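The values are calculated or read from the model by the stated rules, or taken from the named source; none is laboratory data. This is a predicted model, so every value here is computed, not measured. With ideal geometry, Cβ positions are generated from the backbone for all residues, glycine too; neighbour counts draw on all protein chains shown. Surface areas here come from the heavy atoms of the whole protein model, side chains and all, with no ligands, DNA or RNA. Shrake-Rupley method; radii C 1.70, N 1.55, O 1.52, S 1.80 Å.
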Amino acid sequence: MPASPALLLIAHGSRDPRHAATVDALVHEVRAQRPGLSIATAYLDHCAPRLPQLVQRLAGAPTVAVPLLLNRAFHAKHDIPAALRAARASGPLAEVLGPDPLLLAALERRLAEAGLDIASAAARARTGLVLATGGSSDPAADATTRALAARWQRERGWGAVTVAYASAGGPRVPQDVAALRAQGLRRTAVAPYLLAPGLLPDRIAAAAEQAAADVLAPVLGAAPEVARLLLQRYTEARADLRAVAA
């Protein structure tokens, strides 16, 4: 039986060393969930190895590229496909991670770790959440994030779930926290919809402190649900490759 193609994880990269450390921790979790699967990581910017270096190192070995992105915006639509073409990489490109119920499970894991009661339906109904993201210039990507927030509120019975932005136009965390309190919600929590520490998560944390939110969750990071989702996207793209070959 031929070996499975390697999972080629493509991350954005950051000057903040916590970013690469988080990607490494996530790869460790993926390996724990799928022992024996070959995993290689490449970065678009700031960190090494870059995609051309890694593709050259793989020397034509079959791969399935999985973008470490939560939304289908500019990086997913343009940067990563262009980088793969420039590196002459072969193999399919998987879909981005979001939206997916596993991400909601990971968000709730992080909120629980920060001390929020997620198990009680009554407590959830009294709590307002701010899904804090970097934001995007792509209207479709922002609409996807808002739809995910609405789904989270609807399916889990939170008192409210709003979306705030750390960089793009739109409401900021303090505005949303104030609006949730004005609705009469007893507790407010900020859940960063971001994968790794860095400038934007730090900005969200500062805003949550300024707003005196009751709970601030950590970033998604190497949550088991994120690792499961990476493997799910890998499996889906590999199945598409098999279908084309057949």
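So the values come out like this:
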item	result
Sorted largest first, extent of the chain alpha carbons per principal axis (Å)	59, 33, 29
Sites residue 150 and residue 59, calculated FRET efficiency, Cβ-Cβ separation with R0 41 Å, nearest 0.05	0.35
Principal axis dimensions, the stretch 145-246 - Cα atoms, whole angstrom, descending	58, 30, 27
Tilt relative to the chain, helix 139-156 - C-alpha long axis, 0 to 90 degrees, to 10	60 degrees
Residues in the stretch 211-240 reached by a label modelled at residue 28 [backbone nitrogen below 19 Å; 7 Å Cα→Cβ]	218-231
Cβ-defined net charge surrounding residue 25, 13 Å radius [Lys, Arg +1; Asp, Glu -1]	0
Candidates 209, 108, 225: whichever shows maximal mean-square fluctuation once the chain is modelled as a Gaussian network with Cα springs under 10 Å	209
The chain: calculated mean residue ellipticity at 222 nm from DSSP helix runs of at least 4, using -39500 (n - 2.57)	-14500 deg cm²/dmol
FRET efficiency, 1/(1 + (r/R0)^6) with R0 25 Å, evaluated for residue 199 and residue 113 via beta carbons	0.65
Fraction of accessible area attributable to carbon and sulfur, the stretch 1-58 (%, probe 1.4 Å)	54 percent
